[in-house]
1. How much mean residue ellipticity at 222 nm does the chain get from its helices, if each DSSP H run of length 4 or more adds -39500 (n - 2.57) and you divide by all residues, to the nearest 500 deg cm²/dmol?
2. Got a sec? Charge dipole of segment 1-62, +1 on Cβ for Lys and Arg, -1 for Asp and Glu; which of Val41, Leu25, Pro2 is way out at the positive end?
3. Send over a whole-number figure in Å² for the accessible area per residue of the chain, probe 1.4 Å.
4. For Asn36 and Leu72, calculate 0.36 nm times their separation in residues minus their Cα-Cα distance, and state this gained length in nm to one decimal.
5. Just to make sure I understand: if all protein chains stay in place, what is the order of Leu58, Leu30 by accessible area at 1.4 Å, largest first?
6. Taking the chain as the reference, fit the longest principal axis to its C-alpha atoms, fit the long axis of helix 5-17 to the helix C-alpha atoms, and give the angle between the two in degrees, 0 to 90, nearest 10.
7. If you fit an axis through the alpha-carbon atoms of helix 37-89 and take the longest principal axis of the Cα set of the chain, what angle between them do you get, 0 to 90°, nearest 10?
8. According to the Cα gyration tensor, what semi-axes, each the square root of 5 times an eigenvalue, does the equivalent ellipsoid of the chain have, listed from largest to smallest in whole Å?
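The values are calculated or read from the model by the stated rules, or taken from the named source; none is laboratory data. The model shown is predicted, which means the values in this text are computed figures rather than measured ones. Here Cβ is always computed from backbone atoms with ideal geometry, including for glycine, and neighbour counts include all displayed protein chains. Note: areas computed on protein heavy atoms with side chains; ligands, DNA, RNA excluded. Shrake-Rupley method; radii C 1.70, N 1.55, O 1.52, S 1.80 Å.
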Amino acid sequence: MPFTIEDFSDLLRLLREHPEWRDQLRQELLPVEVVNLPAQVADLVQAMRELKETTAKLVRADEGLSERVSALEHSHAEAIERLSALEHSH
């Protein structure tokens with residue numbers, strides 16, 4: 001028996017009514033690589049979130065480190081000035 005337009009409309013209606021059938025049909029029609037794409041994309045999104053969080057932490061740590069280095073440079077410069085002043089006073 002040939003498949004008719006009415007049959008196709010019925011199929012679409014049935015697939016809307018039974019989402020589990022839609023998933024089974026998808027697995028039958030699509031290659032496994034395509035079926036697995038949503039899970040892989042979700043994994044990538046999660047990895048990107050984690051990378052973004054890690055990058056933000058590294059940036060904050062770098063900013064703190066830069067501030068400490070600047071403070072050390074300033075202290076070092078002051079110490080050199082004091083040492084130089086002491087040397088000139090003797």
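1. The helix-only estimate for the chain comes to -31000 deg cm²/dmol at 222 nm.
2. Val41
3. With the other protein chains kept in place, the chain gives 92 Å² per residue.
4. 7.6 nm
5. Leu58, Leu30
6. Once rounded, the angle reads 50 degrees.
7. 0
8. The equivalent ellipsoid of the chain has semi-axes of 74, 10, 8 Å.
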